[in-house]
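Contents: one structure, followed by commentary.
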Amino acid sequence: MKNKKNSKKAKTKNMLKQIKENKKRLITLIAILVIIIWCIYKLIMFVKNPTDTFSVEQGKIYQEEKATGYIIREETVVKGSNYKNGMEQIKIEGERVAKDEPIFRYYTSGEENLVDKIKELDSKIEEALEKENTLYLGDVKTLEKQIETDISSLYYENNIKNITKIKKEISNNIVKKAKIAGELSPAGSYLKKLVDERKEYENKLNEGSEYLSSPISGVISYKVDGYEDILSTQDFSKLSSEFLEGLNLKVGQVVADSKESAKIINNFECYIASVLNSEQAKEAEVGQIVKLRLPNEEEISSEIVHISNEETKVVIVFKIDKQVQEMISYRKISFDIIWWSYSGKKVPNESIAYEQKGENQIAYVIRTRVGYQDKILVKVLRSNDKYTIVDNYESEELKELGYTDEEIRQRRTLTLYDEILKKPT
């Protein structure tokens, strides 16, 4: 009998234990299901609205606008009387020249015939030099070594400007070598006759040529377009929107090389005149420093040196002292004006809401963390069309705005990588 009672108690105990274990399993299962459902809900909401939040980042914002500009330079055109004969460049495009230095020459009449005869003689002189065994003078050896070096360097050079310069040096050194050879050769020798004949043709060529020298120091350019006196640095007051737009210049068009003249350019500074109608342009001031982004994507500082206000437009002249030489080939360009830039905690404009505190409207954002949301007061530093740079308030600043000590103690602050709502309600 006693054994039966003990057996019954054991069964009851086991049943109660089983029920407890089942309850635990059920609770655990329910908890797991709740977590799974919550995760699925969050995943669905994220897929459905992937851009409901924004991660605060350290960034920079700009206030900029696209513009077209007319290049104005200090330019002095050099042109002689024999410009119809055609010209030969002595100094190449973009080369720096000193005052009174020869820069180009006009061909003499009948030059083509003289040049052909000189070329023919050069070939004969080269052949004669190869057979000449008595030239051991140091100057000749130096010239030969230089000629070999220059010829070798041509194989590795891909800059047209440098190739032209090297070829000219090779030609000059060959002529020098030939002249020395002629002087060393005995009177009446074949080589001396060839060299003397070449000198005679060369003298005729030089006598009929008109050489032009640089009137000032600067950089030479053969890209003469006829606007050198029209777009002058002498008087910016004549620059109006009607005047500039009436020039009918094409943006980005490369100025062609002239066959009749050259110009000397001040390569230390130039100016860009632009017709604008933005609010920033209308509020601009002479002496203001802004950044310009040029067609080659270079960003450079620029000073506003002239402003002409019109009824609906404004003409602004920017002075630049960098990238000047890169502008030589153009008269009208497309560029960006960066009126200002600002760095700090960057948030979208749509993330910012406002609350009224006394007479002030205070900006705030809503931060979200693991399902909880906090209102965070932020100080707006600078805004453009899309983004705002914000910072946290100091305690003293909040006190001045009317917040209590308790409100200040309980405030939250915004940090980098915080997730904030894009559209707080």
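Placing pseudo-labels 7 Å out from each Cα toward the beta carbon at residue 99 and residue 26 gives an inter-label distance of 10.6 nm.
In the structure shown, the pairs 259/332; 319/345; 79/192 are assessed against 28 Å; a Cα-Cα span above that value is assigned to 319/345; 79/192. Placing pseudo-labels 7 Å out from each Cα toward the beta carbon at residue 229 and residue 168 gives an inter-label distance of 2.8 nm. Scanning residues 5 or more positions from residue 357 or on other chains, those with amide H under 5 Å from its amide H are 362, with H placed 1.01 Å from N in the peptide plane. For residue 322, a cut-off of 14 angstrom between C-alpha atoms picks up these aspartates and glutamates, skipping any fewer than 8 places away in its own chain: 269, 297, 298, 299, 303. Selection among 278, 318, 265 by position relative to the dipole of region 210-329 gives 265 as farthest towards the positive end (Cβ unit charges, Cα centre).
Residue 313: which aspartates and glutamates have alpha carbons under 13 Å from its alpha carbon, excluding same-chain residues fewer than 8 sequence positions away? Cross-link targets: 242, 245, 279, 283.
Starting from the Cα-Cα distance between residue 60 and residue 199, subtract it from 0.36 nm times their residue separation and give me the gain in nm to one decimal.
43.2 nm
Stretching residue 81 away from residue 152 to a fully extended chain increases their span by 21.6 nm, per 0.36 nm per residue minus the current alpha-carbon distance.
Read the figures in this text as sums done on the coordinates, not as results from a lab. As the structure is a computational prediction, the values presented were derived from the model and not from experiment. When we count neighbours, we look across all protein chains shown, and the Cβ atoms used for this are built from the backbone with ideal geometry, even at glycine.
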